[in-house]
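The values are calculated or read from the model by the stated rules, or taken from the named source; none is laboratory data. Keep in mind the model is a prediction, meaning the values are calculated, not measured. A quick note on method: Cβ atoms are made from the backbone with ideal geometry, for glycine too, and the neighbour counts reach across all protein chains shown.
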Amino acid sequence: MEHNHIKNYINGAWIDSSTGAKKELINPANGQVIATFANSTVEDTKTAIAAAKESFYVDRTWRDTDAPTRADKLFEIAAALEKRVSEIALIESMNNGKPLREAEADVIDAAHCFKYYAGLITKPYGGVYDVNNAFGKMRSFTVHEPVGVCALITPWNYPLLMGVWKIAPALAAGNSIIYKPSSNTPMSSQILFEILDEVGLPKGVVNMILGPGRNVGDALSSSNDVDMITFTGSTEVGQQIARGAVSNLKKVGLELGGKSPNVIFADADLEGAVEWAMIAVFFNQGEVCSAGSRIIIEESLKDVFLKRLKERTEAITIGDPLQNPDMGPLVSKEHMETVLKYIEIGKREGADCIAGGYRYTEGACADGYFVAPTIFDKCTPDMRIVREEIFGPVVTVQTFTTEEEAVQMANDTEFGLAGAVFTSDGSRALRVIDEIRAGITWINCYNPTFNEAPWGGYKKSGLGRELGVHGLEEYQEVKQININLTPGALGWYEN
Ligand code: NAD
């Protein structure tokens, strides 16, 4: 059977890899091939970089377009996404494994993100400073300019949305981009680029290159013709990207992994805390960078909480994502095996697996990459399942007796992406949140994300922020302009 074949999009044209190499894409719900894509080379990547460079530095049409006109294009992109929600969601769900309703929500969010940045870019702001010093009276003000050629690399867990969080602000700011989606999940990106093509952006402003991180990704991060690299993915690859970026000291944005604490006090609303704890770690199959993968609970509540969490976890429906179960398959066989390996490590380390802990193969799931939602009780801080990001439906449970102990456990990690606290004591909630070393936090909820609010991590969870005003500023340089208000000779040198 002939499958959909996804090509690179370079300088306004759909182009195959120069070697003609293809790679297959697998539906993780059943292991079947669903499409192929161009497996590109370093040379192909250089072609894409050259197109972006030409558009930014020579053609200049997009960067010189006024902000309201750029905003109009972004609104057109949003409207086109909204028209194709069902089609994109279906493809995303088949390619990534997420339940259809979650894929639909992602497409709607992606459209909102374009609208948000369309609105924001038409409201420029800057500082104006009056100075009067030894050199006389001056007025200083700032303007924002695009960074230039931006390379954007994304992971597979929110394929469309992670791309749009970068593409929307980068375009709003007037940059030219080269986008590299994950090799596991480029299918929704094909539709996004069809839309970018239809709205008629100047040639070379948006380019998509498909292929392995090793060649394509490395070529982007180490290129001296790239002015900025922004990456969402694992901490290990993020560190490699930062090393590659040293060549020309390009601007770097990194959205990396997490091992986030979900701190629950005994006075929390029990049913609310249980349900949010499930959303925290089982939403999107637990393939969420901000997942609340460490439950840190007050000792006196643990038994009743875990009894309820286990009951509800065991009632989670698992199946074909197109039928809208609670959980679909993990993204790939390789990733499923990694998650199962961590489950075995947890059992060997002596943690008590009270729910799940196995590959789920019931009925139609036999050939897919499903893992039952898993809870490990009696975890200790030294265990690998407590320290390392698993990126699947696996949660660890630790207990505390004092607020200080809860905070210490929450921060006992090299990551700092997210965290939450559940309590009915408002002062305590704020005290604990103040102490948590993480960029995204929630009180009495877990995971809601907004285009308006900055997203990003402390420590090994990254550098910089996406979304909100900060997410636009990442794609801008700030220029200082100083005006001498009293021109003429200063008389500084007496001779
Ligand atoms: P990954 O790091 O393996 O890959 C991410 C992207 O980088 C892919 O496109 C991949 O092809 C590319 N890549 C791989 N090696 C590269 C290299 N040497 N140079 C340049 N690019 C390279 O991550 P993944 O498995 O796709 O995604 C899971 C990870 O992403 C998790 O660690 C998760 O926490 C993280 N993540 C973080 C956020 C956030 O906002 N902080 C959001 C989503 C996912």
State all residues of the stretch 18-56 that are within 14 Å of residue 203 (Cβ to Cβ) and touching a residue at least 60 places away in the same chain (Cβ under 8 Å); if no residue qualifies, say none. 48, 50, 51, 52, 53, 54, 55, 56
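Within the stretch 120-134, can one find any residue that is in a helix (DSSP H, G or I) and out of contact with any strand residue (DSSP E or B) (no Cβ under 8 Å at 6 or more places or on another chain)? Spell out the reasoning first.
We begin by selecting, within the stretch 120-134, every residue in a helix (DSSP H, G or I); these are 120-121.
Among the residues that remain, those that are also out of contact with any strand residue (DSSP E or B) (no Cβ under 8 Å at 6 or more places or on another chain) are: 120-121.
Yes, because at least one residue in the stretch 120-134 is in a helix (DSSP H, G or I) and out of contact with any strand residue (DSSP E or B) (no Cβ under 8 Å at 6 or more places or on another chain).
Condition test on residue 148, is it surrounded by fewer than 23 Cβ atoms within 10 Å (Cβ to Cβ), at pLDDT below 95 and either more than 16 Å from the ligand (Cβ to nearest atom) or within 18 Å of the chain's Cα centre (by Cα) (or both)?
On the way: surrounded by fewer than 23 Cβ atoms within 10 Å (Cβ to Cβ): yes; at pLDDT below 95: no; either more than 16 Å from the ligand (Cβ to nearest atom) or within 18 Å of the chain's Cα centre (by Cα) (or both): yes.
Answer is no for this residue.
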In the stretch 173-198, what residues are touching an Asp or Glu at 6+ places or on another chain (Cβ under 9 Å) and either part of a helix (DSSP H, G or I) or basic (Lys, Arg) (or both)? 187, 188, 191, 195, 198
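How do the strands (runs of 3 or more DSSP E) wholly within the stretch 1-75 filter down when requiring 2 or more residues that are out of contact with any Phe, Trp or Tyr (no Cβ under 8 Å at 6 or more places or on another chain): which remain?
Values: elements: 4-6, 8-10, 13-15, 22-27, 32-38.
Ranges flagged: 13-15, 22-27, 32-38.
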Can you find even one residue in the stretch 281-303 that is without any contact (Cβ under 8 Å) to a residue 12 or more places away in the chain, more than 13 Å from the ligand (Cβ to nearest atom) and not assigned by TED's automatic domain parsing to the domain that holds residue 370? no
Given the condition modelled with pLDDT of 95 or more, among the aliphatic types (A, V, I, L, M) and in a strand (DSSP E or B), answer yes or no: does some residue in the stretch 336-348 qualify? no
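Give the stretch 97-107 a look and list any residue that's in a helix (DSSP H, G or I) and under 16 Å from the mean Cα position of the chain (by Cα), or say none. Let's see the steps before the verdict.
Narrowing the stretch 97-107 to residues in a helix (DSSP H, G or I): 100-107.
Matches in the stretch 97-107: 102, 103, 105, 106, 107.
For residue 199, are the conditions met, namely being in contact with a Gly (Cβ under 6 Å, 6 or more places away or on another chain) and surrounded by fewer than 24 Cβ atoms within 10 Å (Cβ to Cβ)? If you could, list the steps in order and put the result at the bottom.
Values: in contact with a Gly (Cβ under 6 Å, 6 or more places away or on another chain): no; surrounded by fewer than 24 Cβ atoms within 10 Å (Cβ to Cβ): yes.
It is false that residue 199 is in contact with a Gly (Cβ under 6 Å, 6 or more places away or on another chain) and surrounded by fewer than 24 Cβ atoms within 10 Å (Cβ to Cβ).
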Residue that is modelled with pLDDT of 95 or more and within 9 Å of the ligand (Cβ to nearest atom), where the choices are 183, 176: 183
With the first residue restricted to the stretch 340-367 and required to be over 21 Å from residue 32 (Cα atoms), and the second required to be among the basic types (Lys, Arg) and part of a helix (DSSP H, G or I), Cβ contacts under 9 Å at 6 or more apart or on different chains are 342/384; 345/384; 346/384; 349/384; 353/347; 354/310; 355/310; 357/347
The correct count of residues that are on the phi < 0 side of the Ramachandran plot and of a type in the set (Lys, Arg) in the stretch 436-462 is 2
List the pairs whose first member sits in the stretch 179-194 and is touching a residue at least 24 places away in the same chain (Cβ under 8 Å) and under 17 Å from residue 89 (Cα atoms), whose second member is more than 14 Å from the ligand (Cβ to nearest atom) and assigned to a loop (DSSP other than H, G, I, E, B), and whose Cβ atoms are under 8 Å apart, counting only residues at least 6 apart or on separate chains? 191/84
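Identify, from the list 420, 429, the residue that is farther than 19 Å from residue 256 by Cα, at pLDDT 95 or above, surrounded by 17 or more Cβ atoms within 10 Å (Cβ to Cβ) and out of contact with any helix residue (DSSP H, G or I) (no Cβ under 6 Å at 6 or more places or on another chain). Walk me through it before giving the result.
Numbers: 420 fails: farther than 19 Å from residue 256 by Cα.
Criteria check complete, one pass: 429.
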